[in-house]
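What follows is calculated from the coordinates using simple rules that are stated; it is not laboratory data. It should be emphasised that the depicted structure is a prediction, and the values quoted were computed from it without experimental measurement. Cβ coordinates were reconstructed from backbone atoms using ideal geometry, including for glycine residues, and neighbour counts include every protein chain displayed.
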Amino acid sequence: MPRDQALSRYGHPTVLICGTSFARRVPAGMFRHLSLILLCLLPLLARAAPDTPVQLRIQGSNTIGAALAPALVKGMLEAQGASHISTVTTRIANEIQVSAQDAHGQPLRIDIAAHGSSTGFAALKTGQADLAAASRPIKVSELSALQALGDLNSTAAEQVIGLDGVAVIVHPDNPLPQLSTGQLAQIFSGRITTWEELGLGNGPIHLYARDDRSGTFETFKALVLDAAGQTLASTARRFESGEQLASTVLTDRQAIGFSSLASVHGAKVLAIADGASRPMLPSPALVASEDYPLSRRLYFYLSPSQATPWARALVEFAQSPKGQAIVTASGFVGQQVQAVKVPPADNMPPRYRTLARNAQRLSVNFRFQEGNASLDNKALRDVRRVVEFLRQHNKREQDAVLVGFGDAKDDPERAVLLSRLRAMAVRRELAREGVAPREIIGLGDELPVAANTAEEGRIRNRRVEVWVY
């Protein structure tokens, strides 16, 4: 007897319907019964149904899109009560799809394409993305191209979701401890080509760099190559993925490259000095304060007037304490405020050394918009974070000290005045939230964290620290 037929208990031939998962034995004469036909077709109809509509499309930075963006999406969905959350890579490299069911059982889908920061802004322009992920700030040319979406430099559009340090990495066996940004420029421009020129070993230096669409490369280019008037050597091997770059460095004893902190994966990280600053490793504390010379911010950009509810929901979740905990767990540096003990040093100005002995520094620096004394978008968010920290620790009254710094001026007294004015600008913002600092200090161009020879360095030196007793 054929495998799909048998005698029923009524003596009629029967048919095995729809395979084992939907198996039923029915009289052969009833095989055309409508209900059984539908029963057979249900799995086929489900497979043939159109794809789940996409609730959110994120494009841009590989640094963010490789792991952080999927983790934030998953966290947001869990907070909303979604279930059956799954993350799968597609057939296209560096593209991910997150699917789930919402609290009412309806299907959800969020697409993430991580091909570089510049691709996120291009996708916003063409309407192919709701949210651009970027590991560097938006360019003037991109602002102009996207002006139809509104002011993407506004506080509603530009969202700093975390911090990162561009880590300069070599093979673990490389004895080199540190480099200056000047040496980095010479190495990556091809002016220093062998390890002997750095006083080490022998053999050629193999250069590894991210591709031109990468925000990591844009940051390295701006802070290292452009500052020295150099361009990347044509011999550098380029990578779309930071993970792949770091993995390749681990296999090459002659290698030097740069990647996000989250994709170092066992490579040796070098300390970096810029100008008169001391050599610094990209520790969480130095990245959080943005003192590390190659610190950078991680961004989400969205239209201030046309953003979708899903885009706004992800941005707000990313800024929340739960979202910032995910940023930290993903290998980046979150923006939670912490008090850090700073060891006193002989090169510190006397008033600053007194602070180091008796107070703690908060893990945040207030920085300013280019060319004026207004706080930038991150600083405005940080005001709220600092106020909440002071409230929780009962330090809103006469326990905080604001210390302003600036870049070098021909007139040292003017540098001191400008640094004090910056500290006063922060005091005004804190006062609106009920905080009364104990003291305002202006230290001019003391203790620089970057070289003053380029605008990028001067901007980084214009900062305000917060100390608490």
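Taking Rh as the Kirkwood radius computed over C-alpha pairs, what is the Stokes-Einstein D of segment 58-212 at 4 °C in a medium of viscosity 1.567 mPa s, expressed in µm² per second?
Reported coefficient: 70 µm²/s.
Please compute the contact order of segment 337-468 in relative form: average sequence separation of alpha-carbon pairs under 8 Å and at least six residues apart, divided by the residue count, as a percent. Don't jump to the answer; show the numbers that get you there.
Values: 248 pairs, mean separation 41.2, N = 132.
Averaging sequence separation for qualifying contacts and normalising by length gives 31 percent for segment 337-468.
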Charge context of ALA329, other residues only, Cβ under 13 angstrom, K/R +1, D/E -1: +2
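For the peptides 77-86, 223-232, what is the packing order when you average, over each peptide's residues, the other Cβ atoms within 10 Å and list the highest mean first?
Working: 77-86: 14.1, 223-232: 19.2.
So the peptides 77-86, 223-232, ranked by packing, come out 223-232, 77-86.
Can you give the Kirkwood hydrodynamic radius of segment 177-272 from its Cα pairs, in Å with one decimal? Walk me through the numbers before you get to the answer.
Details: mean 1/r = 0.0745 Å⁻¹.
For segment 177-272, the Kirkwood estimate is 13.4 Å.
Compactness ratio of segment 267-378: Cα Rg over 2.2 N^0.38 Å, N = residue count? Mind showing how you got there, number by number?
Details: Rg = 17.2 Å, N = 112, 2.2 N^0.38 = 13.2 Å.
So the Cα radius of gyration is 1.30 times the expected 2.2 N^0.38 Å.
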Under the Debye formula (equal points on every Cα, no solvent term), log10 I(q)/I(0) of segment 337-468 at q = 0.10, 0.15, 0.19 Å⁻¹: -0.29, -0.67, -1.08
Translational diffusion of the chain, µm² s⁻¹ [Kirkwood Rh, Cα pairs; Stokes-Einstein; 25 °C; 0.890 mPa s]: 98
Per-bin percent of Cα-Cα distances, segment 159-214 [5 Å]: 4, 14, 24, 27, 13, 9, 6, 3, 1, 0
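For the ranges 422-429, 434-441, what's the packing order if you count other beta-carbon atoms within 10 Å of each residue, average per peptide, and put the highest first?
By packing density, highest mean first, the sequence is 422-429, 434-441.
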³J(HN,Hα), Karplus 6.51/-1.76/1.60, whole Hz, each residue of segment 119-129, x for Gly, Pro: 5, x, 5, 5, 5, 4, 5, 8, x, 8, 9
Separation between Cα centres of segment 204-244 and segment 430-469, rounded to whole Å: 31
